[in-house]
1. What percent of all Cα-Cα pairs in the range 44-134 falls in each 10 Å bin, counting up from 0?
2. How large is ³J(HN,Hα) for each residue in the range 30-39, as worked out from phi by the Karplus curve 6.51 cos²θ - 1.76 cosθ + 1.60 (θ = phi - 60°), to whole Hz, x for Gly and Pro?
3. Report, to the nearest 10°, how far helix 103-116 tilts away from the longest principal axis of the Cα atoms in the chain, using its own Cα long axis and a range of 0 to 90°.
4. Show that you can apply the helix-only estimate: for the chain, add -39,500 (n - 2.57) for every DSSP H stretch of four or more residues, divide by all residues, and state [θ] at 222 nm to the nearest 500.
5. Might you report the magnitude of the Cβ-based charge dipole of the chain about its Cα centre, with Lys and Arg at +1 and Asp and Glu at -1, to the nearest 20 debye?
6. At residue 73 and residue 8, where each label point lies 7 Å from the Cα along Cα→Cβ, what is the point-to-point distance in nanometres?
7. For the cross-link pairs 4/77; 72/93; 55/93; 77/110, which exceed 24 Å when the distance is taken from alpha carbon to alpha carbon?
8. In percent, what relative contact order does the range 12-130 have, based on Cα pairs under 8 Å that are 6 or more apart in sequence?
Amino acid sequence: MFFKWSDSYSVKILSVDREHQKLFDIINEFYDQLMTKQAKQLIVETLANLSMYTKTHFRNEELLMQKYGYPKYAEHKTLHEQYVAKIDEYKEKIAANKIVMTHELATFLKDWLLNHVLKIDKQYSSFFDLNIVK
Ligand SMILES: [Fe+2]
Ligand SMILES: [Fe+2]
């Protein structure tokens, strides 16, 4: 397995943790498909799935931030948009044979997400804790 979830990645909101775990599951699936040289079409589908679920997760997170007046909402949202744009760009390029699928791409997707959860998402964790979201 490419990535393994750890409790230390928790943002202390169960629904959000579950969504994060699912995103990592899809990235693991993508990695496995790359490593076992599955058909391009299947890999592109997995990336489309990752893009879709990432958008759903980001929307849920943004709604939560808006609801409780999170002060860093705007900059957080910008980071989300950049990641979604990257996933979609890779998906299009792979579909059009403009880039080869590589191990580095899976690493980029995983590292970005992990870094975002640990450094950016965790910042709202303490904010929501104070503002009693459960
Ligand atoms: Fe986020
Ligand atoms: Fe998140």
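1. All Cα pairs, binned at 10 Å, distribute as 15, 45, 26, 12, 3 percent.
2. 4, 4, 4, 5, 5, 5, 9, 6, 6, 4
3. That helix lies at roughly 0 degrees to the long axis.
4. Helix contribution divided over all residues of the chain: -24500 deg cm²/dmol.
5. It works out to roughly 80 debye.
6. 3.3 nm
7. Table pairs above 24 Å Cα-Cα are 4/77; 72/93.
8. About 35 percent, as a whole number.
Just so you know, all these numbers are worked out from the coordinates, no wet-lab data involved. Remember, predicted model here, so these are calculated numbers, not experimental data. Glycine also receives a Cβ, built like all others from the backbone with ideal geometry; neighbour counts cover every protein chain displayed.
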